Amino acid sequence: MSDTNPIELQKALKGAHYPASKDDLVSCAEGNHADSGMRDKISSIPSKSYENPAEVEKAVFKKQ
């Protein structure tokens, strides 16, 4: 539906508390009603603890 871009990622992760696991981030995106493309992108990042939004953005967009 919407493009996968940093602004949409920020919207999807609004309210996330860091450090956050991948599962925490996916749950946050689901709670924010992110579209399936964004949820898939977040689901595809490595399983680890992310210290801040910049780390998540780097992981999500390095594959594009």
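Using helices alone, I'd like the mean residue ellipticity at 222 nm for the chain: each DSSP H run of four-plus residues gives -39500 (n - 2.57), total over residue count, nearest 500. Don't jump to the answer; show the numbers that get you there.
Details: 4 runs with 34 residues, N = 64.
So the calculated ellipticity at 222 nm is -14500 deg cm²/dmol.
Kirkwood hydrodynamic radius for segment 6-61: how many Å is it when counted over pairs of different Cα atoms? Intermediate results must be reported in sequence, preceding the final value.
Numbers: mean 1/r = 0.0939 Å⁻¹.
Taking the inverse mean of 1/r over all distinct Cα pairs, segment 6-61 comes out at 10.6 Å.
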Using the Cα centre as the reference, give the magnitude of the dipole from point charges on the C-beta atoms of the chain (Lys, Arg: +1; Asp, Glu: -1; all else neutral), rounded to the nearest 20 debye. 160 debye
Under 15 Å Cα to Cα from Lys48, which aspartates and glutamates show up? Leave out anything in the same chain fewer than 8 places away. Asp23, Asp24, Glu57
The aspartates and glutamates whose Cα lies under 15 Å from the Cα of Lys62, excluding any fewer than 8 residues away in the same chain, are Asp40
If you average the sequence gap of Cα pairs under 8 Å that are 6 or more apart and divide by the length of the chain, what percent do you get for the contact order? 36 percent
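Readers should treat all values here as calculations from the given coordinates under stated rules, not as data from a laboratory. Computed from a prediction, not measured in an experiment: that's the story for all the values here. Neighbour counts run over all protein chains shown; Cβ positions are idealised from the backbone, glycine included.
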